[in-house]
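These notes concern the structure reproduced below.
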Amino acid sequence: MKFERQTIILSLLLVACAFSSPAKAQTAKSGEPPVVQVAAEIIAQHDRLVLGDVAEVRANDAEIVARLRAVSLGYAPNIGSVRELTRARIALAITASGFAEGTFQLVSPAVALIRRSAQTIDPSLVREEIERVTLAELNASGATARLSRLDLPPLIEAPSGKIEIRAVMGTTRDLFSPFTVFVELRQEGRVVSRFNATAQVEAFASVLVAAREIAANTRLRPEHFKPEIKRLERPLSYYVTEAERLRGMAVRRDLARGDAITTEAISSEIVIHPGDQVRIIGQSGALQIAVTGEARAAGRIGDRIQVKNLQSGTLLQAIVADEGVVRVRF
């Protein structure tokens, strides 16, 4: 009976030891330093690197894991570049953040290679932004414009994430010859890439052209010109697009049939000379009267000249409105 009791006590002791041994092992393991295991090659997702981007951190204390993962390792490389991160640099960064030597275990290759995560930018998005910048003024003026040439880099890369594309024309004013457009790729307000593109514009608009051959110094009449769609070689403001603009104008040089009438090809003519009989149109509010008068000075359309009312003999200051017509406002 005594022997059976001793056997039972011994069995209980053995069971107790079996359960207590893992507890001792766990306690011993919890006293081990945290382990930082760095990969040989890393693809960085952000501008700045922290230890958690390049390494797996293992420790029983969650707070220590979080502190180690937040250790700063500087900036990630640019797209297409490689940064070499040495084991010594990583160890220095950890100790500088408050972990003394010997309080952590660093498992790392001699040199870890860091590359930046990248995305390829769709060229059509770049083209859309360049069109917005280069064609807006022409299209707003009434022309129909498009890019006839756009030379972009064969591969446009940027860091992963949302990208904003901005294009700037610089000081160029001749869009019909090849010109340079400066393109920036921005992310979170910061420029992450720059490149240049060569562009050229083609535009068409309805302008006035010579309806027939016109000799130099000819006073332009309605039968001399007509509207026609022309390919532009200069800004639209260089061309005459409205017939009203040609009142009182003469051509300064010979024009062939179909030639565009440009602002440099015309000049204002004197349409009233001293002694010419003129029609004086007087206006006051909605009331308008017309009388016959005599010009006392020469004038082009828009000039202010003195005229005499032949009915009353009164001298008036009038604005030349057309050939043989002046206006007076009361």
**OP:** Among the numbered conditions (1) under 28 Å from ALA215 (Cα atoms); (2) within 49 Å of the chain's Cα centre (by Cα); (3) not aliphatic (A, V, I, L, M), tell me where ARG304 comes up short.
**Re:** (1)
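Of VAL326, VAL320, VAL307, which residue is under 28 Å from TYR239 (Cβ atoms) and of a type in the set (A, V, I, L, M)?
VAL320
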Original post:
Does LEU155 satisfy being at pLDDT 90 or above and outside any strand (DSSP E or B)?
Top reply: yes
Original post:
If only one of ALA28, ALA100 is surrounded by fewer than 10 Cβ atoms within 10 Å (Cβ to Cβ) and modelled with pLDDT of 90 or more, which one is it?
Top reply: ALA100
Subject >> Complete set of residues in segment 314-327 that are over 25 Å from LEU246 (Cβ atoms) and touching a Gly at 6+ places or on another chain (Cβ under 8 Å) >> reply: LEU316
Original post:
In this structure, does GLU264 turn out to be within 30 Å of VAL207 (Cβ to Cβ) and open to solvent by 40 Å² or more (accessible area, probe 1.4 Å)?
Top reply: yes
**OP:** Might you check whether a residue that is of a type in the set (Gly, Ala, Ser) and open to solvent by less than 20 Å² (accessible area, probe 1.4 Å) occurs anywhere in segment 273-286?
**Re:** yes
Original post:
Any idea how many residues of segment 32-59 are open to solvent by 50 Å² or more (accessible area, probe 1.4 Å), among the charged types (D, E, K, R) and under 23 Å from ARG190 (Cα atoms)?
Top reply: 2
**OP:** Six or more apart or on different chains, Cβ under 6 Å: which pairs go from a residue in segment 156-175 that's under 30 Å from LEU138 (Cα atoms) and open to solvent by less than 80 Å² (accessible area, probe 1.4 Å) to one that's among the acidic types (Asp, Glu) and modelled with pLDDT of 90 or more? Could you list them?
**Re:** ILE165/GLU129; ALA167/GLU129
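The values are calculated or read from the model by the stated rules, or taken from the named source; none is laboratory data. Bear in mind that the values here come from a model prediction, so they are computed numbers and not experimental data. Counting neighbours? That spans all protein chains shown, and the Cβs are built from the backbone with ideal geometry, glycine included. These area figures cover heavy atoms from the full protein model, side chains too; ligands, DNA and RNA do not enter into them. Shrake-Rupley method; radii C 1.70, N 1.55, O 1.52, S 1.80 Å.
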